[in-house]
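Every number here is computed from the coordinates shown, using simple stated rules; none is lab data. Just so it is clear, the model here is predicted, and its values are computed rather than measured. In this analysis, Cβ positions are derived from the backbone assuming ideal geometry, glycine residues included, and neighbour counts consider all displayed protein chains.
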Amino acid sequence: MANKEALRDLQGRLAQRLREARDEQRQRAWLAVESAGRGLLFPLAESGEIYPLAPVQPVAHTQPWFAGVANLRGGLHGVVDLAAFLGVSQDVDDRADARLIGFNAALELNCALLIDRLAGLRNESQLTPDAEQALIRPAFVGVRYRDAQGRAWQELRLQALAEDPTFRNIHQPAVRL
């Protein structure tokens, strides 16, 4: 009799944990990073592997924000300086905490974003949508949030970024004489 009650109790706890897990999955979650002093949020479902800063080989005739290519775990990845792509100036003297954030493999883009530092994970319960949202913004720019300390965090939709024509065109226009 005690075994049946223990089994029933265990099944009840497992069912409760499954319900909680489903609720947590419905909650949006992001990888929080900093680039040029700005807080950015990458959707976890669209983010890929986090790499330490690797040697980047420059590529001629590319946009200034395209840092070059890097060998990341045996695969060749394009590296985009995210701050430069977003048009934000930054001091590049200290790269001690810099990381490369890959795109999720499902997005089929061998690219990594160069960021200044990781800032952890965030979810909806930790953030509040900012009342002041930019009216005109690219499709890859999502909602701006504020955390409990009042810091702004801008969501960047990596799937939309991967599809953005400006992002995909790394070639600098040729100069005509």
* Hey, Phe66 among the aromatic types (Phe, Trp, Tyr) and under 23 Å from Ala152 (Cα atoms) or not -> no
* To do: At least 2 residues that are closer than 17 Å to Thr166 by Cβ in each: list the strands (runs of 3 or more DSSP E) lying fully within segment 45-127 that qualify.
  => 66-72, 75-81, 111-115
* Find all pairs meeting these conditions: Cβ atoms under 8 angstrom apart; at least six residues apart or on different chains; first residue within segment 133-146 and under 15 Å from Val33 (Cα atoms); second residue among the β-branched types (Val, Ile, Thr) and loosely packed, with under 14 Cβ neighbours inside 10 Å. => Tyr145/Thr128; Arg146/Thr128
* Structure fact -> Within segment 131-169, the count of residues that are surrounded by 17 or more Cβ atoms within 10 Å (Cβ to Cβ) and not in a helix (DSSP H, G or I) comes to 10
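Quick check on segment 42-94: of everything there that is without any contact (Cβ under 8 Å) to a residue 12 or more places away in the chain and farther than 22 Å from Ala119 by Cβ, which residue is surrounded by the most Cβ atoms within 10 Å (Cβ to Cβ)? Break it down stepwise before answering.
Let us first name the residues in segment 42-94 that are without any contact (Cβ under 8 Å) to a residue 12 or more places away in the chain, namely 58, 60, 74, 87, 91-94.
Pick out the ones that are also farther than 22 Å from Ala119 by Cβ and you get 58, 60, 74.
Numbers: Pro58: 10, Ala60: 6, Gly74: 5.
Of everything passing the filter in segment 42-94, Pro58 is surrounded by the most Cβ atoms within 10 Å (Cβ to Cβ).
Could you list, in sequence order, all residues of segment 30-41 that are part of a strand (DSSP E or B) and either surrounded by fewer than 17 Cβ atoms within 10 Å (Cβ to Cβ) or not hydrophobic (A, V, I, L, M, F, W, C) (or both)?
If the condition is that a residue be part of a strand (DSSP E or B) and either surrounded by fewer than 17 Cβ atoms within 10 Å (Cβ to Cβ) or not hydrophobic (A, V, I, L, M, F, W, C) (or both), then Glu34, Ser35, Arg38, Gly39 are the ones that fit.
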* Asked: Hey, Val141 hits all of (1) farther than 27 Å from Asn71 by Cα; (2) β-branched (Val, Ile, Thr); (3) touching a strand residue (DSSP E or B) at 6+ places or on another chain (Cβ under 6 Å) but one; which does it fall short on?
  -> (3)
